[in-house]
Amino acid sequence: MLHRLFVAAGLALSIAVITAGCQASTAAPTAQDAKQFLDEVDTTLNRLALDASRAGWVAQNFITVDTEAMDARATQAFSDAASRWAKQAVRFDNVDVPADQRRQLNLLKVSLVLATPSDPKESEELTNLVSSMRGVYGKGKWCPDPAKTDSCKNIDDITKLLASSRNEKEIRAAWEGWHTISPPIKKDYQRFAELSNKGAKELGFADTGAMWRAKYDMAPDAFTKELDRLWDQVRPLYLQLHAYVRMKLHQKYGDVVPQKGPLPAHLLGNIWAQDWSNVYDLVAPANADAGFSLTDILKRRKTSAIDMVKAGERFYSSIGLAPLPQTFWERSLFLRPKDREVVCHASAWDIDSVNDVRIKMCIDQTAEDFSTIHHELGHNYYQRAYNTLPMIFRDSANDGFHEAIGDTIALSVTPEYLVKIGLLDKAPDASRDIGLLLSRALEKVAFLPFGLLIDQWRWKVFSGEITPAQYNQAWWDLRLKYQGVAPPSARGDEFFDPGAKYHVPDNTPYTRYFLADILQFQFHRALAKTAGCTTPLHRCSIYESKQAGQRLNNMLSMGLSKPWPDALAAVTDSNEMDASAILDYFAPLQAWLQEQTKGQPVGW
Ligand SMILES: [Zn+2]
């Protein structure tokens, strides 16, 4: 789920302001200059963020050629100036300034995802490469019958097909078909890596990957090791899940799915094999019925979209957070409009960086949307909690935190919680838990190795460890190493399979999703403990716990003003990320999986 965070997207300053600042002094900059620079940044950033948020909101709520152009222009104002600003901040490297100003200056330097080279020609070439790669991906279609254009399938069609089809031949054709969109991007990607590295070097980073890793308050290489450590913690659980799913899919598909060795990448219900929820029906335990269906309950009661959001707000109020402002209810979008095209993908917004928070969703009466509401509101409460800090600090402690908060709260949407708010009469007994846990593991545990490997591949590409000739081979080596999946057919060098995943041509870093997946369980465990929960972790809800809410708010209100380990400690009493909370949460499932796969091979 997206949220619009312009500080994360790239800081910006109008060029005029920077030029004026430079002309003011050619002598060595002073602490006073640094202060003035940051004050100007704060003011200008505030204004540009407001412009861009409004333009973005209108563009997504009224999709027209004009609103798209206005949105693009406002966003461009950000990325243009962000580059200049990152470079300007370097001027103050040797100036003695207070710690919070030093942190702001450092954040400016690491705020970029893409650093353009100072050569204007190269800068333009790089910008064009990125929009061209985005365009190729966005327009990507697979046409099973090139003579018939109505046979063509875009990513939405392919996604639906992979989720629902159980015909191996049909799935394989769609999988191979989608992967034909990306070979044209390969050359562009190579040049893009060269030029973006050049820009990163000008800012003092070894390469673009090192620039991305520099955002995490630790040395880039130490951060890489930290991720490996977290992965090693959860890997045994992943291996059990992998072995169990392989066994069940072998029963369904026969030898296309080997009894040992890697899983075929196309049969997991998702084009990237990053979320296996869609094959739940193929792997479900005999006693799979959760005992109730929230979707059915919402439909039967004719619960309105507003009432679903009100229930979400009541959750946050119950832990002591102030109610949402009146403008939230007036300005949010809750239902798909009948009269116009909108972007329905759920998102949370912070228009004025103070109090004008909103969500944009096309809510259906489903359990999934009920949970998504709790997730999106998590972004809004985070945004409001840090709204008095300097603009540069109005962001989450690291980019994994923002996504993790909403998901943490969604983990508290338990049967017991639904009973408390009157949606369910009685919580099902523990015998029903395995189905619930397995379905959640197919989403959250199955995702972890994928969440890790995308940037493993890109970091190695940026550093030169993976050469263009090795792009595809290295991609599949990593997918085998981490996910234990293999392609359904030979993938030679003529392919560029990483490019068939949105975030690669779009140049969006991916490690945040891995971190969010780890952090949400760690937060949930710590807050459940604070709330005094004594049941198994997956049955804990922090609903009505003012103490848990206070701890959570302590962290949220820190925003980005302190290194993330400090923010983490505010909730968990530890300044280290710890994936053992996932193991705790899924402990009953892991024991069950072990039982199910007794005598079966584990690993690949
Ligand atoms: Zn989100």
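See the values below:
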| quantity | calculated |
| --- | --- |
| Qualifying position, being at pLDDT 95 or above and within 23 Å of Ala446 (Cα to Cα), among Asp497, Asp566 | Asp497 |
| Failed item, numbered, when Arg166 is tested on (1) crowded, with 16+ Cβ neighbours inside 10 Å; (2) at pLDDT 95 or above | (1) |
| Subset tally (residues that are touching a Lys or Arg at 6+ places or on another chain (Cβ under 9 Å) and open to solvent by 40 Å² or more (accessible area, probe 1.4 Å)) for region 331-351 | 3 |
| Within region 382-397, considering residues that are open to solvent by less than 10 Å² (accessible area, probe 1.4 Å) and over 9 Å from Met558 (Cα atoms), the one nearest to the ligand (Cβ to nearest atom) | Tyr382 |
| Residue match in region 497-513 (condition: among the hydrophobic types (A, V, I, L, M, F, W, C), open to solvent by 30 Å² or more (accessible area, probe 1.4 Å), in contact (Cβ under 8 Å) with a residue 60 or more places away in the chain and within 30 Å of Trp604 (Cβ to Cβ)) | no |
| Residue match in region 442-451 (condition: closer than 26 Å to Leu560 by Cα, within 16 Å of the ligand (Cβ to nearest atom) and of a type in the set (A, V, I, L, M)) | no |
| Matching residues in region 480-496 - criterion: being buried (at least 24 other Cβ atoms within 10 Å of the Cβ) and in a helix (DSSP H, G or I) | Gln483 |
| Selection count, region 223-247, where residues are over 22 Å from the mean Cα position of the chain (by Cα) and surrounded by fewer than 16 Cβ atoms within 10 Å (Cβ to Cβ) | 1 |
| Odd one out for Lys338 among (1) within 12 Å of the ligand (Cβ to nearest atom); (2) free of Cβ contacts under 8 Å to residues at least 60 places away in the same chain | (1) |
| Single residue of region 353-371 satisfying the filter (within 15 Å of the ligand (Cβ to nearest atom) and in contact with a strand residue (DSSP E or B) (Cβ under 9 Å, 6 or more places away or on another chain)) that is most open to solvent (accessible area, probe 1.4 Å) | Arg358 |
| Criterion: modelled with pLDDT of 85 or more, farther than 27 Å from Leu560 by Cα, part of a helix (DSSP H, G or I) and among the charged types (D, E, K, R) - qualifying residue of Asp51, Asp66 | Asp66 |
| Residue within region 571-588 that is open to solvent by 10 Å² or more (accessible area, probe 1.4 Å), in contact with an Asp or Glu (Cβ under 7 Å, 6 or more places away or on another chain) and assigned to a helix (DSSP H, G or I) present | yes |
| Test: residue in region 176-188 that is under 27 Å from Ser111 (Cβ atoms) and in a helix (DSSP H, G or I) | yes |
| Scope region 97-126; condition touching a residue at least 40 places away in the same chain (Cβ under 8 Å), among the polar types (S, T, N, Q) and either farther than 24 Å from Ala193 by Cα or surrounded by 15 or more Cβ atoms within 10 Å (Cβ to Cβ) (or both); matching residues | Gln101, Gln104, Ser111, Thr116, Ser123 |
| Residue within region 45-67 that is of a type in the set (Phe, Trp, Tyr), buried (at least 21 other Cβ atoms within 10 Å of the Cβ) and in contact with a Leu (Cβ under 8 Å, 6 or more places away or on another chain) present | no |
| Condition met for Phe92 (at pLDDT 90 or above and touching a helix residue (DSSP H, G or I) at 6+ places or on another chain (Cβ under 8 Å)) | yes |
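Listed here are the residues, each with its yes/no results for (1) buried (at least 24 other Cβ atoms within 10 Å of the Cβ); (2) under 25 Å from Gln590 (Cα atoms).
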site: Asn380; (1), (2): yes, no
site: Glu443; (1), (2): no, yes
site: Arg458; (1), (2): no, no
site: Gly464; (1), (2): no, no
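The values are calculated or read from the model by the stated rules, or taken from the named source; none is laboratory data. Since we're looking at a predicted model, the values are computed, not measured. Note: ideal-geometry Cβ built from the backbone for every residue, glycine included; neighbour counts use all protein chains shown. Note: areas computed on protein heavy atoms with side chains; ligands, DNA, RNA excluded. Shrake-Rupley method; radii C 1.70, N 1.55, O 1.52, S 1.80 Å.
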